[in-house]
Amino acid sequence: VYNATPTWGVSVGDALGVADPVLTQHLHQHQGQTFSFLGIRVSSPLSLVVNGKRPPASALAPPRLALSNPSAPP
């Protein structure tokens with residue numbers, strides 16, 4: 001689950017409700033093989049319902065900003 005803290009997750013057998021999912025078909029080729037699969041994205045783990053309950057606010061990972069400047073000297 002994207003944007004979830006490492007300490008929160010779902011387990012096999014959990015009932016999962018997904019509000020406003022975005023379904024995307026992925027198609028990748030690598031070393032002569034083709035991989036095709038569906039992906040489901042939601043805006044936040046807080047929009048899920050797991051076993052009839054919303055996840056706690058602590059399930060949402062804090063935002064991180066990563067900057068890079070390839071032209072900067074090492």
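Given the criterion polar (S, T, N, Q), at negative phi, without any contact (Cβ under 8 Å) to a residue 24 or more places away in the chain and touching a His at 6+ places or on another chain (Cβ under 8 Å), identify the matching residue among THR24, THR34.
None of the other options fit; the residue is THR34.
Residues checked against (1) among the charged types (D, E, K, R); (2) modelled with pLDDT of 90 or more:
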site: SER11; (1), (2): no, yes
site: ASP14; (1), (2): yes, yes
site: ASP20; (1), (2): yes, no
site: LEU23; (1), (2): no, yes
site: LEU38; (1), (2): no, yes
site: GLY52; (1), (2): no, yes
site: LEU60; (1), (2): no, yes
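So, in region 1-18, exactly how many residues are within 12 Å of ARG41 (Cβ to Cβ) and of a type in the set (A, V, I, L, M)? Outline the logic, then answer.
The first filter runs over region 1-18 and keeps only residues within 12 Å of ARG41 (Cβ to Cβ), leaving 1-3, 18.
Now restrict to residues that are of a type in the set (A, V, I, L, M): 1, 18.
Summing the residues that are within 12 Å of ARG41 (Cβ to Cβ) and of a type in the set (A, V, I, L, M) in region 1-18 gives 2.
The values are calculated or read from the model by the stated rules, or taken from the named source; none is laboratory data. Keep in mind it's a predicted model, so treat the numbers as computed, not measured. As a convention, Cβ positions derive from the backbone with ideal geometry for all residues, glycine included, and neighbour counts pool all protein chains shown.
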